[in-house]
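Below is one structure; the comments refer to it alone.
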Amino acid sequence: MKKLTILGSTGSIGVSTLEIVASHPDKFEIVALTAGNNLTLLKRQIEQFSPQVVSVITEESALKLSKMLKGKKPEILHGVPGLIAAATAPDASMVVAAIVGAAGLLPTVAAIKAGKDIALANKETLVAAGHLVMNLVKEHGVKLYPVDSEHSAIFQSLQGHRAEDVKRVILTASGGPFLNCQLEKLANVSVSDALNHPNWSMGQKITIDSATMVNKGLEIIEAHWLFNLPADRIDVVIHPQSIIHSMVEYLDGCVMAQMGVPDMKAPIAYALTFPERVTTGVKPLDLTALTGLTFFRPEQSRFPSLRLAYRAMHDGKSMPAVMNAANEVAVHSFLSGKIRFTEIVEYIEKTMESHSPHPLDSVEAVLRADRWSREKTRELLCEAL
Ligand code: NAD
Ligand code: MG
């Protein structure tokens, strides 16, 4: 029986994780859940999975949740201390990090320090603080399993092979909803167009990140930390069908690829039960129904975000944290109708240009760089509005 805590249980990854848990009651038990504003869903999850502890963002939500629950209640906590208490709940052996954004950093770090294995969906944590997180993983002897489909595909394609034989990894990208949109029309796409991803159903922020390809940029940095590879051995190829989830090329010219229909339940389950494989309810891949698998190089002019990610990696130090935080602010502004789609990447670049990267030797330093970037991006936005 694996005892799990899920950070961000009401999100897209959190819900898919609980579907796997529900279909294998003999394998998993839920110790703690944390959520944001969706108290109705959290209440249902509490009734179904009986966690010992839950945490929400505000005290007001905690009181409201307590009133909504009848009968035996879990301990209900709130705020960052609540999040950290849930992340370190003694009975859990694994924490699923599925909060969106840099808000996931503190609880994930706390979980690692408490000796929990991590199933990591929250890529922003590695982007902002990869060197610190990977050092802590080593220091505390815990395992960190990728949930992101590309990184799970690479992890799966590495099994049984020697790291020193890897030539490069190739991340696949669907290209998002605007892959074939005329470049001059990109500035005027609507929020609902940008939220309409062709292959994956995900939370709002990552769906916008997929449309700008900032997501792939963040994933390049994530791959760098997870697989200890330099930027020039991490490539991106557009693969609109999202059937091959990523690949590893070896020195002898062999390429290992992992395939499947696009459904996050497969990579989530692999992270939960590695090296065992369990049923997931994911539809089988019908090869004969495929009309073709195509691959091409991403156009620089359409996806300037990739250039920014390679630059952030090249600069290193505080720059990836700054890139990530600027993106969070810019995506929020786009979703609230304040800026155009193409301005998301422009604001990230402007913020990065006004930053001189400096070393980050603690989580507090990462959070300071994150705050600096948010303030700078907001300042740039205010100047323009
Ligand atoms: P989501 O928006 O659907 O869910 C996010 C969860 O985090 C929710 O439970 C929300 O309440 C909680 N949350 C948000 N802000 C919070 C805060 N400040 N404090 C505490 N809790 C907070 O997001 P998602 O699509 O499930 O993505 C989660 C993470 O997984 C992201 O880092 C994303 O990049 C990554 N990821 C998602 C997918 C996917 O298919 N959805 C695929 C790969 C990676
Ligand atoms: Mg991904």
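Descriptive notes on the structure:
- Residues that are of a type in the set (S, T, Y) and in a helix (DSSP H, G or I) were ranked within segment 11-41; the one that is nearest to ligand 1 (Cβ to nearest atom) is S12.
- Taken together, the residues in segment 145-174 that are within 16 Å of ligand 2 (Cβ to nearest atom) and either among the aliphatic types (A, V, I, L, M) or over 22 Å from the mean Cα position of the chain (by Cα) (or both) amount to 7.
- Residues that are surrounded by fewer than 18 Cβ atoms within 10 Å (Cβ to Cβ) and over 15 Å from A32 (Cα atoms), drawn from segment 54-71: T58, E59, E60, L63, K64, S66, K67, M68, L69, K70, G71
- Qualifying residue in segment 185-208 (condition: farther than 30 Å from H24 by Cα, within 15 Å of the chain's Cα centre (by Cα) and in the same structural domain as F296 (by TED's automatic domain parsing)): yes
- When A330 is tested against (1) within 15 Å of N215 (Cβ to Cβ); (2) free of Cβ contacts under 8 Å to residues at least 24 places away in the same chain, just one condition goes unmet, and that condition is (2).
- Test for E164: is it surrounded by fewer than 21 Cβ atoms within 10 Å (Cβ to Cβ), without any contact (Cβ under 8 Å) to a residue 12 or more places away in the chain, more than 16 Å from ligand 1 (Cβ to nearest atom) and not assigned by TED's automatic domain parsing to the domain that holds L105: yes
- Condition broken by G160, with the remaining ones in (1) farther than 26 Å from K113 by Cα; (2) modelled with pLDDT of 95 or more; (3) outside any loop (DSSP other than H, G, I, E, B) satisfied: (3)
- Pairs with Cβ under 6 Å, 6+ apart, first in segment 95-123 and over 22 Å from V322 (Cα atoms), second crowded, with 24+ Cβ neighbours inside 10 Å and among the hydroxyl-bearing types (S, T, Y): V95/T5; V96/T17
- Leading residue by the ranking (surrounded by the most Cβ atoms within 10 Å (Cβ to Cβ)) among those in segment 243-290 that are touching a residue at least 12 places away in the same chain (Cβ under 8 Å) and hydroxyl-bearing (S, T, Y): S246
- Scanning segment 163-187 for residues that are in a helix (DSSP H, G or I) and not small (G, A, S) turns up E164, D165, L183, E184, K185, L186.
- Matching residues in segment 66-85 - criterion: being in contact with a strand residue (DSSP E or B) (Cβ under 6 Å, 6 or more places away or on another chain) and touching a residue at least 24 places away in the same chain (Cβ under 8 Å): P74, L77, G82, L83, A85
- Some residue of segment 206-220 being surrounded by fewer than 21 Cβ atoms within 10 Å (Cβ to Cβ), of a type in the set (A, V, I, L, M) and away from ligand 1 (no atom under 13 Å from the Cβ): no
- Candidates G217, G260, G253, filtered to the one that is modelled with pLDDT of 95 or more, small (G, A, S) and out of contact with any helix residue (DSSP H, G or I) (no Cβ under 9 Å at 6 or more places or on another chain): G253
- Of the residues making up segment 87-113, those that are outside any helix (DSSP H, G or I) and either touching a Gly at 6+ places or on another chain (Cβ under 7 Å) or closer than 16 Å to A35 by Cα (or both) are T88, A89, V95, V96, A97, A98, I99, V100, G101.
- You will find that of R368, R302, R307, R374, the residue that is buried (at least 17 other Cβ atoms within 10 Å of the Cβ), among the basic types (K, R) and either within 19 Å of the chain's Cα centre (by Cα) or not in a loop (DSSP other than H, G, I, E, B) (or both) is R374 and no other.
The values are calculated or read from the model by the stated rules, or taken from the named source; none is laboratory data. All of these numbers come straight from a predicted model, not from anything done at the bench. Methodologically, a virtual Cβ is constructed for each residue, glycine included, from the backbone with ideal geometry; neighbour enumeration extends over all protein chains shown.
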